[in-house]
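A short worksheet on the structure shown next.
Nothing in this text is a laboratory measurement; each read-out follows from the coordinates by a stated rule. These numbers come from a predicted model, not from an experiment. Cβ: placed from backbone, ideal geometry, glycine included. Neighbour counts: every protein chain shown.
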Amino acid sequence: SQQGEEDPQALSIQEGENATMNCSYKTSINNLQWYRQNSGRGLVHLILIRSNEREKHSGRLRVTLDTSKKSSSLLITASRAADTASYFCAHDTSGTYKYIFGTGTRLKVLA
Amino acid sequence: DAGITQSPRHKVTETGTPVTLRCHQTENHRYMYWYRQDPGHGLRLIHYSYGVKDTDKGEVSDGYSVSRSKTEDFLLTLESATSSQTSVYFCAIRPGQVNTEAFFGQGTRLTVV
């Protein structure tokens, strides 16, 4: 399977704290993307980082990418209760049209 | 919201029966995907399409087939449903293959009894 893995599987933090989740993948990629899912609904795109980028910011989100280690991390700063959701990484696979998702991290932010 | 609709939204079916799920888009996007979501497994790719009549297998394609006879519709068929296919199924679309985001349908909850 080419499915990537994310850790931790679940994360519980207090409002105002930072949340970090990690994603590992197995193939060469063109880019890596992060998505959010609320309560079993469809996923919503958060941020894209290209394979030649090492870090990217969007609001309270910071994404890093290390292609040598085939890994990425998503940092959510100053978390809010509304950030409670599942977060998934996804990537294209070079040479195919597949679009592969990771196993996800369930984040719970306590008010 | 991206114009993507899945139908039905919920279905209960019996073991051994064929089931077809439909994904309809109004965006004219080239790439379409079917995933299943199960606890602990995230989203797993079943089949995908890169154009009309162009489809290929994903990671968990056994027991599933797909068809795409026109740009806007991507059908997923469970040829003979089994209890292990009880899951939530998501369709996704993308305008391009590289450096583009995916847009998701609302999902279909399928229960095989």
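If you take the Cα centroid of region A:59-93 and the Cα centroid of region B:1-68, the two points sit 26 Å apart. A prolate overall shape is assigned to region A:14-111, the ratio a/c of its alpha-carbon gyration tensor axes (a ≥ b ≥ c) being 1.5 or greater and a/b exceeding b/c. Averaged over the residues of peptide B:51-63, the number of Cβ atoms from other protein chains lying within 10 Å of each residue's Cβ is 2.
Can you put B:TYR33, B:TYR64 in order of Cβ neighbours within 10 angstrom, beginning with the fewest?
Ascending Cβ contact count within 10 Å gives the list B:TYR64, B:TYR33.
Would you calculate the convex hull of the Cα atoms in chain B and tell me its volume per residue in Å³?
Value for chain B: 95 Å³ per residue.
Here, region B:53-109 has an Rg and a Dmax of 12.6, 37 Å when only alpha carbons are counted.
Listing A:HIS57, B:HIS29, A:HIS45 from fewest to most neighbouring C-beta atoms within 10 Å gives A:HIS57, A:HIS45, B:HIS29. With contacts taken as Cα pairs under 8 Å at a separation of at least 6 residues, chain A carries a relative contact order of 38 percent. Descending by average beta-carbon neighbour count within 10 Å, the peptides A:84-91, B:21-28 line up as A:84-91, B:21-28, the highest first. Roughly how many Å is it from the Cα centre of region A:9-34 to that of region B:78-113, as a whole number? Result: 22 Å between the Cα centres. Of all aspartates and glutamates in the structure, the ones whose alpha carbon falls short of 20 Å from that of B:LYS70, not counting any fewer than 8 places away in one chain, are B:GLU27, B:ASP54, B:ASP56. A straight Cα-to-Cα reach below 27 Å connects A:LYS26 with the lysines A:LYS56, A:LYS69, A:LYS70, A:LYS98, B:LYS57, residues fewer than 8 places away in its own chain not being considered.
For the residues of B:33-41, the average number of beta carbons from a partner chain within 10 Å of their own beta carbon is 3.
Taking the Cβ of each residue in A:SER1, B:SER65 as the centre, tally the other Cβ atoms inside 10 Å and list the residues starting with the fewest.
Least to most surrounded, the residues fall as A:SER1, B:SER65.
Inter-chain neighbour count for B:92-100: the average number of beta-carbon atoms from partner chains within 10 Å of each residue's beta-carbon is 4.
Shape summary of the protein assembly as shown, radius of gyration then Dmax from alpha carbon positions: 17.3, 51 Å.
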